[in-house]
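Take a look at the structure set out below.
Derivation of every value follows stated rules applied to the coordinates shown; laboratory data play no part. In this text, all values refer to a predicted model and were calculated from it rather than measured experimentally. Because the Cβ atoms are built from the backbone with ideal geometry, glycine has one as well, and the counts that use them run over all protein chains shown.
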Amino acid sequence: MTEQQISILIQSLRCANKITPLQKDILDTWNTIHKNPFDAESARRQILSNNINHLDIFGAISATPGIKYKSLEELTHDDMVFTLCRQFEGLIAKEYGTETNHI
């Protein structure tokens with residue numbers, strides 16, 4: 001998706017009267033990534049929530065060559081941002097019914 005398409009999606013989710021659990025996860029993940037200042041504890045909670053709710057995305061990210069599993073406590077700021085961005089991409093792919101194995 002382009003930046004413009006993502007922006008339109010986020011705006012439409014923010015304005016929607018009802019959203020699905022998947023759409024809520026998309027919006028929550030987006031908000032966590034863009035929170036200023038970055039909140040590491042919120043990021044850890046969102047990563048964990050996404051991992052639990054979307055095992056397929058967790059599996060795709062974990063299977064990416066060069067990715068080494070770390071506990072939530074071991075994640076650096078960069079690790080958290082990387083993970084949240086990959087999760088966001090996977091959530092968008094699920095919403096639009098596209099493959100997530102490119103994560």
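What are the aspartates and glutamates whose alpha-carbon lies under 17 Å from the alpha-carbon of residue 70, with same-chain residues fewer than 8 places away excluded?
Output for residue 70: 41, 78, 79.
Considering only 90, 16, 61, whose Cα is most displaced toward the positive end of the charge dipole of the range 3-95, charges sitting on Cβ of Lys, Arg (+1) and Asp, Glu (-1)?
16
Give the cross-link partners of residue 24 among the lysines, using a straight C-alpha distance below 20 Å as the criterion and excluding same-chain residues fewer than 8 apart.
Of all the lysines, those that pass the test against residue 24 - Cα under 20 Å, at least 8 places apart if same chain - are 35, 94.
If you rank 10, 47, 26 by fewest surrounding Cβ atoms within 10 Å, what's the result?
Starting with the residue having the fewest Cβ neighbours, the order is 10, 47, 26.
Let's see if you can work this out: charge +1 on each Lys and Arg Cβ, -1 on each Asp and Glu Cβ, no other charges. What is the dipole magnitude of the chain about its Cα centre, in debye to the nearest 20?
220 debye
Would you kindly give the portion of the calculated P(r) for the chain that falls above 20 Å, as a percent of all Cα pairs?
Details: 1892 of 5253 pairs.
The answer is 36 percent, as a whole percent.
Order these peptides, 70-77, 37-44, by their mean beta-carbon neighbour count within 10 angstrom, highest first.
So the order, starting with the most tightly packed, is 37-44, 70-77.
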